[in-house]
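The values are calculated or read from the model by the stated rules, or taken from the named source; none is laboratory data. As the structure is a computational prediction, the values presented were derived from the model and not from experiment. Cβ atoms come from the backbone with ideal geometry, glycine included; neighbour counts cover every protein chain shown. Calculation scope for accessible area: heavy atoms of the full protein, side chains included, ligands and nucleic acids excluded. Shrake-Rupley method; radii C 1.70, N 1.55, O 1.52, S 1.80 Å.
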Amino acid sequence: MHPAPSVIVFTTLSGLGFGLLFWLGLGVIVPTGWVAFTFFVIAYLLAVGGLMASTFHLGHPERALKAFTQWRSSWLSREGVSSVAALVVMAVYGAGLVFFDTAWMLVGVIGAVLSAVTVFTTSMIYTQMKTVPRWNTPLTPLLFMAIALAGGALLAGQVAIALILMPVAAAVQVIWWLRGDKALAQSGTDMATATGLGSIGTVRAFEPPHTGNNYLLREFVYVVGRKHAQKLRLIALLFGYTVPFVLLLVPFSHIAALVAVLAHLGGIAASRWLFFAEAEHVVGLYYGKR
C-alpha cells in the first residue's frame, strides 16, 4: 500500500503514547505532582497527536465521529471507542496523581487494560485484511503490542523492563519480516486465481486495464525495491531497538535517555513505513505489479 505519512505518524506515535499510559496505569511508576503532570502530558501528546494524524487520511475527516457508531463490526470503530475510553479513564487516574498525590490503582489498571486494548484494535484493522497476506497473521498484533510495550517502558524510564522487551520486540519484528516475505507466495493467490482464468491456461498481464493512474494504484499498489527495503530494515533495527538498548546499559543521563527515545521513534517510523510500503495488496495482481 502507499505509505501515507499521516498513517505512519498515527501508528508510531499513538502506539508509544498508549504504551506509556499502560505502564503508568499499572503503577510500575507512581509519580505525583508536576512529575506526574509531565509524564501524562507526554503520553497524551503522543496518543492524541497520533489519533489526530489518522483523521487526515480519511476521505471526509469531518465525518470521523461516524466511525464510533460501527463498533459491533468495525475494528476501526472499536479502536476509536477504546482509545477514548482509555484516555478518559487515564485522565481520572492522572488527576489523582497530579492533584491529590493519590494513586487510584483500580482506575489505573482499568486504564492500562483499555490502553492495551487500543493498541490491539489498531493492529486488528490490518490483521483482518485477507487481501494483504503479509498483514493477515497473528504476528501483526503481537508486533504492535511488543513495540508499544517496549517503547512505553523506555519512555517510563523502566530500564529493567525495557532491556527485556526491546530484544523481544526486535525478534518479533525480524520474524514478522521473514514470514511476510513469503506470505503472498504461500497464500496461493496469483494472476490465475485473481482473474479466475487459471482453468484455461497460463495467465499473464497483456496490458494494464487502463493507461492512466487511478485510486487503486495510488492507494494499494506500491512497489519498494529490495535493496531499499533492506536498508530501511537495518535502519529500523539499528535505531528502533539496538541504539536504545545500548543506551539503557550505560549510566543514566537525561541526554542519553532523550537520544534513546528519539532513536526509537525514528527506527519505528522506518519500520512502519515498510509495513505499508511492502504490503503487497492482491489488487496489484490485476495490474501485473506482483
When the stretch 31-49 is examined, which residues are found to be surrounded by fewer than 15 Cβ atoms within 10 Å (Cβ to Cβ) and more than 14 Å from Leu87 (Cα to Cα)?
Gly33, Trp34, Val35, Thr38
Residues of the stretch 120-146 being among the aliphatic types (A, V, I, L, M), under 21 Å from Ala269 (Cβ atoms) and open to solvent by 10 Å² or more (accessible area, probe 1.4 Å), in sequence order, are Ile125, Leu139, Leu142, Met145, Ala146
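Out of all the residues in the stretch 92-101, which are open to solvent by 10 Å² or more (accessible area, probe 1.4 Å) and in contact (Cβ under 8 Å) with a residue 40 or more places away in the chain? Break it down stepwise before answering.
Here is the first cut: in the stretch 92-101, the ones open to solvent by 10 Å² or more (accessible area, probe 1.4 Å) are 92, 95, 98-101.
Once the filter is applied, which keeps residues that are open to solvent by 10 Å² or more (accessible area, probe 1.4 Å) and in contact (Cβ under 8 Å) with a residue 40 or more places away in the chain, the stretch 92-101 yields Val98, Asp101.
Inspect all residues belonging to the stretch 203-216 and state whether any of them is modelled with pLDDT of 95 or more and among the basic types (Lys, Arg). Step through it out loud before you land on a result.
Our first condition is that a residue be modelled with pLDDT of 95 or more; within the stretch 203-216, this holds for none.
No - not one qualifying residue is present in the stretch 203-216.
Residue by residue, here is whether (1) aliphatic (A, V, I, L, M); (2) at positive phi; (3) modelled with pLDDT of 75 or more holds:
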position: Thr193; (1), (2), (3): no, no, no
position: Leu238; (1), (2), (3): yes, no, yes
position: Leu258; (1), (2), (3): yes, no, yes
position: Phe276; (1), (2), (3): no, no, yes
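Let's see how each residue does on (1) open to solvent by 20 Å² or more (accessible area, probe 1.4 Å); (2) without any contact (Cβ under 8 Å) to a residue 40 or more places away in the chain:
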{"position": "Ala148", "(1), (2)": "no, no"}
{"position": "Ala153", "(1), (2)": "no, no"}
{"position": "Val159", "(1), (2)": "yes, no"}
{"position": "Gln173", "(1), (2)": "no, no"}
{"position": "Leu178", "(1), (2)": "yes, yes"}
{"position": "Leu184", "(1), (2)": "yes, no"}
{"position": "Ala192", "(1), (2)": "yes, yes"}
